[in-house]
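Scroll down for the structure; my scribbles are underneath it.
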Amino acid sequence: MSFKKPINHHPRLEVNQLGLTRRDYEGAISTLCAGCGHDSISACIIEACFQLNIEAYKVAKLSGIGCSSKAPAYFLNQSHGFNSVHGRMPSVATGANCANGDLLYLGISGDGDSASIGIGQFIHAIRRQINMVYFVENNGTYGLTKGQFSATNDLESKNKYGEDNLFKPIDLASMAIQLGASYVARSFSGDRDQLIPLIKGAIQHKGFALLDIISPCVTFNNHDTSTKSYDYIRNHNEAVGKTDFVPLGEEITTSYASGSSVEVNLHDGSKISLEKVNSKFDPTDQGKSLSYIREKSEEGKLLTGLLYFDENSNDLHETLNLTKKPLNQLTQQELCPGEEILKEINKGLS
Amino acid sequence: MAIGANWNGARGFTATSGPGISLMSEFLGLAYFAEIPLVVFNVQRGGPSTGMPTRTQQSDVLACAYASHGDTKHVLLFPADPKDCFDFSAKAFDLADQLQTPVFVVSDLDMGMNDWVCEKFEWDDTVSYNKGKVLDYEALEKIESFGRYLDSDNDGICYRTYPGTHPEKGAYFTRGTSHDEYARYTEDGNINAQTLTRLMRKFRTATDLVPEPIIEINGEDSCGVIYYGSSKPAVLEAKDILKTKNINLDLMQIRSFPFNLDVWEFIANHDRIYVVEQNRDSQMRTLIMAEGGISAEILRPLVHFTGDPIEASYIVNKISEREVNYKSHKNIKER
Ligand SMILES: Cc1ncc(C[n+]2csc(CCOP(=O)(O)OP(=O)(O)O)c2C)c(N)n1
Ligand code: SF4
Ligand SMILES: [Mg+2]
């Protein structure tokens, strides 16, 4: 059962430009395990939407199947949600997005959902540049079905039952960069300071934005041999920079030593700024991003932050030159060629 | 994709020549259970598996009728020539929106790939699309609370909303898991049973909306023939030839599933009916028997499944053979 939370606003709760409080962005009470990384991600989505003054009813939340895919029920109650079938949220999102480009599409998926059964769909959503934010709540396991290895699990890591994983993991972030995703970031569910700006950047970005978020499963994959455990991430996380999100028209308040920070312009004029810890790193160069991720991974480190970014990519609507007006608002006159045209066609057939 | 588009209020369809039905069955169950309109064109090829991809059959009838795991039933339309294909396509979109469920246009490769002579396509500009029960901003303003799966009209069809319609009302969570009238997840078996029962109510409502059969009665002592789809010209020709041999046929062309009252009446009025179809297992016959509790004796398979279109001579031979047998049998009994 999911329960609706009681709505009674505290008079002093902070409101955003729409006059809404954070509570207005919440969803039903979560039924996930206490401490599950997925809940922390939901909280960050709520915060990001609150800060960006998003109108929740203009958001579509889509997911596949898994604990992660249940999460859309736990944020943005005023948004339409769609919990589809395992691994195939990308195709539903593609159809929905083509039909109505005016909504903000948040896709929530798991590593099982996207890297195992749904990898074909995942690939094509990227290749087509669906304008959406695609969250992979990555815990290296099939949480919902009680802890089988997923395709992002580490070689030789043990599962809850003591068995070894015999296969190398798929790195979804690298794969997405290779496939041409125009915004690729990695983060950790427990790092709000990094994650919230990355989510905000992804929301403002036009094109396919992947957020590969390590999100420990406390019940089935939070042990010493897992690189997706809380402890491992805390000890081995190497961020490519401090991430800060600067909305359109606002001044950059944080000051970076010149040359140590890089600003990334987003489609709508707002900016993401990254503090560069490594001067070699340039998130707009596919090749460099890929080799940097690889280099760090060979050192046993997980590179987090904005890993790749291309501000000039076209999304699917532009590529296909789709009508601007949502299809559900087109009138019959606009949609139907009518009897006269049919007569012409008939002439050609007789 | 088509499901996502329909969920967003667009009219989306997809097409297959059979394998897509198998591949996408899970999605068809989702659309059935979450009540999302969808149109699927199935131009049936020779099956099973990859089968004879360039030959014709009518062997996906059952696969379409009950596609997906769980208790599911889908609305099917059976066009019998290209003109029907045109008309039923438009009809299918209206039905899908009205019934908020997948609707299949079940054609076959003979119609899909061969040249046919048929009536001219016509379009009536005065007819408007039927988008079914959709609540817009104004309608949502007027209601207290929105329940996506509330059967307020008692016809099994509930009111839906498109995403992005209203800032405070009308949002709901579409899901394939068991849900209550407000689209909330529930594990209460009774509530789920109520949903499944309501879906049957909706299926009964469909009975009055789908195209009725075309029936031709040709005299007292006739035997019945049921046919559908591209078998039509062969059946009509066979009827004329058999008449010259003193075998009269009463014909019923089935044009849709669920079957309506006329179908059951025709069956009730005949003691023997040949069911002409282009598949091995006499799938339409199975569907009729299963849905109407009709005895196997009354419905007699007349099947053809080489992948070539069925011909009149084939039907003539099969029926005259069996009618001679039937009549001699009957004579023995009467003596
Ligand atoms: C076709 C199909 N196969 C298998 C399942 C069973 N199943 C449900 S969730 C799941 C794995 C979920 O893993 P992930 O996407 O990583 O989500 P998590 O629960 O870890 O967040 C599986 C295998 C299913 N629902 N559908
Ligand atoms: S099983 Fe794991 S992934 Fe699922 S809710 Fe529990 S902690 Fe989260
Ligand atoms: Mg997982």
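The values are calculated or read from the model by the stated rules, or taken from the named source; none is laboratory data. Not measured: the values here are computed from a predicted model. Here the Cβ positions follow ideal geometry from the backbone for every residue, glycine too, while neighbour counts run over all protein chains shown.
Within segment B:204-231, work out how many residues are farther than 21 Å from residue B:298 by Cα, in contact (Cβ under 8 Å) with a residue 60 or more places away in the chain and part of a helix (DSSP H, G or I).
Start the filter on segment B:204-231 by keeping residues that are farther than 21 Å from residue B:298 by Cα, which leaves B:204-212, B:229-230.
Narrowing the set further to residues that are in contact (Cβ under 8 Å) with a residue 60 or more places away in the chain leaves B:205-206, B:209-211, B:229-230.
Those left that are additionally part of a helix (DSSP H, G or I): B:205-206, B:229-230.
Count: 4.
From the set of residues in segment A:171-188 that are part of a loop (DSSP other than H, G, I, E, B) and more than 12 Å from the chain's Cα centre (by Cα), which is nearest to residue A:287 (Cα to Cα)?
Applying the first criterion (part of a loop (DSSP other than H, G, I, E, B)) to segment A:171-188 yields A:171, A:180-182.
Of the ones still in play, those that are also more than 12 Å from the chain's Cα centre (by Cα) are A:171, A:180, A:182.
On the way: A:171: 15, A:180: 11, A:182: 14 Å.
Checked segment A:171-188; the qualifying residue nearest to residue A:287 (Cα to Cα) is A:180.
Listed residues B:281, B:271; which is under 12 Å from residue B:225 (Cα atoms) and either assigned to a loop (DSSP other than H, G, I, E, B) or without any contact (Cβ under 8 Å) to a residue 12 or more places away in the chain (or both)? Spell out how you get there, then give the answer.
Working: B:281 fails: under 12 Å from residue B:225 (Cα atoms).
After applying the criteria, what remains is B:271.
Quick check on residue B:222: is it at pLDDT below 95, among the polar types (S, T, N, Q) and over 22 Å from the mean Cα position of the chain (by Cα)?
On the way: at pLDDT below 95: yes; among the polar types (S, T, N, Q): yes; over 22 Å from the mean Cα position of the chain (by Cα): yes.
Considered against the rule, which asks whether it is at pLDDT below 95, among the polar types (S, T, N, Q) and over 22 Å from the mean Cα position of the chain (by Cα), residue B:222 comes out as yes.
Between residues in segment A:323-342 that are part of a helix (DSSP H, G or I) and residues that are surrounded by fewer than 13 Cβ atoms within 10 Å (Cβ to Cβ), which pairs lie under 6 Å by C-beta distance while being six or more apart or on different chains?
A:332/B:128; A:338/B:125; A:339/B:125
Can you name the number of the only condition in (1) within 16 Å of ligand 2 (Cβ to nearest atom); (2) under 30 Å from residue A:321 (Cβ atoms); (3) of a type outside the set (A, V, I, L, M, F, W, C) that residue A:183 fails?
(1)
Would you confirm whether or not segment A:228-239 contains a residue that is assigned to a helix (DSSP H, G or I) and modelled with pLDDT of 95 or more?
Pass one, segment A:228-239, residues assigned to a helix (DSSP H, G or I): A:230-236.
After this cut, where a residue has to be modelled with pLDDT of 95 or more as well, the list is none.
The answer is no, given that none of the residues of segment A:228-239 is assigned to a helix (DSSP H, G or I) and modelled with pLDDT of 95 or more.
Could we say that residue B:162 is touching a residue at least 60 places away in the same chain (Cβ under 8 Å), buried (at least 18 other Cβ atoms within 10 Å of the Cβ) and not assigned by TED's automatic domain parsing to the domain that holds residue B:26 here? Reasoning before the result, please.
On the way: touching a residue at least 60 places away in the same chain (Cβ under 8 Å): yes; buried (at least 18 other Cβ atoms within 10 Å of the Cβ): yes; not assigned by TED's automatic domain parsing to the domain that holds residue B:26: yes.
Here the answer is yes, as residue B:162 does meet what is asked.
If the requirement is being on the phi > 0 side of the Ramachandran plot and either aliphatic (A, V, I, L, M) or within 13 Å of ligand 3 (Cβ to nearest atom) (or both), which of these qualifies: A:162, A:180, A:147, A:143? Outline the logic, then answer.
Numbers: A:162 fails: either aliphatic (A, V, I, L, M) or within 13 Å of ligand 3 (Cβ to nearest atom) (or both); A:180 fails: either aliphatic (A, V, I, L, M) or within 13 Å of ligand 3 (Cβ to nearest atom) (or both); A:143 fails: on the phi > 0 side of the Ramachandran plot.
It is A:147.
Take segment B:18-40 and flag every residue that is outside any helix (DSSP H, G or I), over 16 Å from the mean Cα position of the chain (by Cα) and away from every other protein chain (no Cβ under 12 Å). Spell out how you get there, then give the answer.
Here is the first cut: in segment B:18-40, the residues outside any helix (DSSP H, G or I) are B:18, B:24, B:35-40.
If we keep only those that are over 16 Å from the mean Cα position of the chain (by Cα) as well, we get B:24, B:35-36.
Within segment B:18-40, just B:35 meets the criteria.
Of the numbered conditions (1) of a type in the set (D, E, K, R); (2) within 16 Å of ligand 2 (Cβ to nearest atom); (3) closer than 25 Å to residue A:193 by Cβ, residue A:113 satisfies every one except a single condition; which is it?
Going through (1) of a type in the set (D, E, K, R); (2) within 16 Å of ligand 2 (Cβ to nearest atom); (3) closer than 25 Å to residue A:193 by Cβ one by one, residue A:113 breaks only (3).
In segment B:148-169, which residues are part of a loop (DSSP other than H, G, I, E, B) and within 13 Å of another protein chain (Cβ to nearest Cβ)? Walk me through it before giving the result.
First, pick out the residues of segment B:148-169 that are part of a loop (DSSP other than H, G, I, E, B): B:148-159, B:161-169.
Listed by number, the residues that qualify are B:148, B:161, B:162, B:163, B:164, B:165, B:166, B:167, B:168, B:169.
Give me the residue from segment A:133-151 that is among the hydrophobic types (A, V, I, L, M, F, W, C) and in contact (Cβ under 8 Å) with a residue 60 or more places away in the chain and, out of that set, nearest to ligand 2 (Cβ to nearest atom). I'd like the intermediate steps shown before the answer.
Step one: list which residues in segment A:133-151 are among the hydrophobic types (A, V, I, L, M, F, W, C), which gives A:133, A:135-136, A:144, A:149, A:151.
Going one step further and asking which of them are in contact (Cβ under 8 Å) with a residue 60 or more places away in the chain, we end up with A:133, A:135-136, A:144.
Numbers: A:133: 20, A:135: 14, A:136: 13, A:144: 6 Å.
Among them, the one singled out is A:144.
State whether one or more residues within segment B:183-194 are touching a helix residue (DSSP H, G or I) at 6+ places or on another chain (Cβ under 8 Å), within 13 Å of chain A (Cβ to nearest Cβ) and buried (at least 17 other Cβ atoms within 10 Å of the Cβ). Talk me through it step by step, then tell me what you get.
Step one: of segment B:183-194, the residues touching a helix residue (DSSP H, G or I) at 6+ places or on another chain (Cβ under 8 Å) are B:185-186.
Next, only the ones that are within 13 Å of chain A (Cβ to nearest Cβ) stay: B:185-186.
The next check asks that each one be buried (at least 17 other Cβ atoms within 10 Å of the Cβ); those that pass are B:185-186.
Yes, that holds for at least one residue.
Consider residue B:315 against the criteria (1) of a type in the set (A, V, I, L, M, F, W, C); (2) surrounded by fewer than 19 Cβ atoms within 10 Å (Cβ to Cβ); (3) more than 23 Å from the chain's Cα centre (by Cα); (4) within 28 Å of residue B:77 (Cβ to Cβ): it satisfies all of them except one. Which criterion is unmet?
Condition (2) is where residue B:315 drops out.
Within segment A:36-65, work out how many residues are more than 12 Å from every other protein chain (Cβ to nearest Cβ), under 23 Å from residue B:178 (Cβ atoms) and either in a strand (DSSP E or B) or among the small types (Gly, Ala, Ser) (or both).
1
Counting just the residues of segment B:99-135 that are surrounded by 13 or more Cβ atoms within 10 Å (Cβ to Cβ) and acidic (Asp, Glu), which one comes out nearest to the other protein chains (Cβ to nearest Cβ)?
Here the residue is B:110.
Answer yes or no as to whether residue A:83 is in contact (Cβ under 8 Å) with a residue 12 or more places away in the chain and away from ligand 3 (no atom under 16 Å from the Cβ).
Values: in contact (Cβ under 8 Å) with a residue 12 or more places away in the chain: yes; away from ligand 3 (no atom under 16 Å from the Cβ): no.
Against the criterion (in contact (Cβ under 8 Å) with a residue 12 or more places away in the chain and away from ligand 3 (no atom under 16 Å from the Cβ)), residue A:83 does not qualify.
Pick from segment A:66-77 the residues that are outside any helix (DSSP H, G or I) and touching a Lys or Arg at 6+ places or on another chain (Cβ under 9 Å): which of them is farthest from the other protein chains (Cβ to nearest Cβ)? Steps first, please.
Restricting attention to segment A:66-77, the residues satisfying the condition of being outside any helix (DSSP H, G or I) are A:66, A:75-77.
If we keep only those that are touching a Lys or Arg at 6+ places or on another chain (Cβ under 9 Å) as well, we get A:75-77.
Details: A:75: 12, A:76: 8, A:77: 7 Å.
That would be A:75.
Tell me, please, whether a residue that is within 14 Å of chain A (Cβ to nearest Cβ) and either away from ligand 1 (no atom under 16 Å from the Cβ) or closer than 23 Å to residue B:283 by Cα (or both) can be found in segment B:41-54.
Narrowing segment B:41-54 to residues within 14 Å of chain A (Cβ to nearest Cβ): none.
Scanning segment B:41-54, I find no residue that is within 14 Å of chain A (Cβ to nearest Cβ) and either away from ligand 1 (no atom under 16 Å from the Cβ) or closer than 23 Å to residue B:283 by Cα (or both), so the answer is no.
Residue under question is residue A:63, and the condition is that it be touching a strand residue (DSSP E or B) at 6+ places or on another chain (Cβ under 8 Å), within 16 Å of ligand 3 (Cβ to nearest atom), closer than 22 Å to residue A:196 by Cβ and touching a residue at least 60 places away in the same chain (Cβ under 8 Å); does it hold?
Numbers: touching a strand residue (DSSP E or B) at 6+ places or on another chain (Cβ under 8 Å): yes; within 16 Å of ligand 3 (Cβ to nearest atom): yes; closer than 22 Å to residue A:196 by Cβ: yes; touching a residue at least 60 places away in the same chain (Cβ under 8 Å): no.
In short, no.
Which one of these is within 14 Å of ligand 3 (Cβ to nearest atom), in contact (Cβ under 8 Å) with a residue 12 or more places away in the chain and within 12 Å of chain B (Cβ to nearest Cβ): A:130, A:117? Talk me through it step by step, then tell me what you get.
Values: A:130 fails: within 14 Å of ligand 3 (Cβ to nearest atom).
None of the other options fit; the residue is A:117.
Can you name the number of the only condition in (1) among the charged types (D, E, K, R); (2) touching a strand residue (DSSP E or B) at 6+ places or on another chain (Cβ under 6 Å); (3) part of a loop (DSSP other than H, G, I, E, B) that residue B:300 fails?
Result: residue B:300 passes all but (3).
Restricting attention to segment B:252-262, does a residue exist that is exposed (fewer than 15 other Cβ atoms within 10 Å of the Cβ) and of a type outside the set (Asp, Glu)?
At the first step, the residues of segment B:252-262 found to be exposed (fewer than 15 other Cβ atoms within 10 Å of the Cβ) are B:261-262.
Add one more test, that the residue is of a type outside the set (Asp, Glu), and what stays is B:261.
Checked against the condition, which is being exposed (fewer than 15 other Cβ atoms within 10 Å of the Cβ) and of a type outside the set (Asp, Glu), segment B:252-262 yields at least one hit.
Can residue B:1 be described as of a type in the set (A, V, I, L, M), more than 21 Å from residue B:199 (Cα to Cα) and more than 12 Å from every other protein chain (Cβ to nearest Cβ)? Break it down stepwise before answering.
Details: of a type in the set (A, V, I, L, M): yes; more than 21 Å from residue B:199 (Cα to Cα): yes; more than 12 Å from every other protein chain (Cβ to nearest Cβ): no.
So residue B:1 fails the test.
Considering only segment A:79-102, state which residues are at the interface with chain B (Cβ under 7 Å from one of its Cβ atoms) and among the polar types (S, T, N, Q).
Within segment A:79-102, A:79, A:83, A:84, A:91, A:94, A:100 qualify.
For segment B:79-98, state whether one or more residues are crowded, with 23+ Cβ neighbours inside 10 Å and part of a loop (DSSP other than H, G, I, E, B).
Within segment B:79-98, one or more residues are crowded, with 23+ Cβ neighbours inside 10 Å and part of a loop (DSSP other than H, G, I, E, B).
Quick check, is residue B:12 crowded, with 23+ Cβ neighbours inside 10 Å, more than 22 Å from residue B:229 (Cβ to Cβ) and within 14 Å of chain A (Cβ to nearest Cβ)?
Numbers: crowded, with 23+ Cβ neighbours inside 10 Å: yes; more than 22 Å from residue B:229 (Cβ to Cβ): yes; within 14 Å of chain A (Cβ to nearest Cβ): yes.
Answer is yes for this residue.
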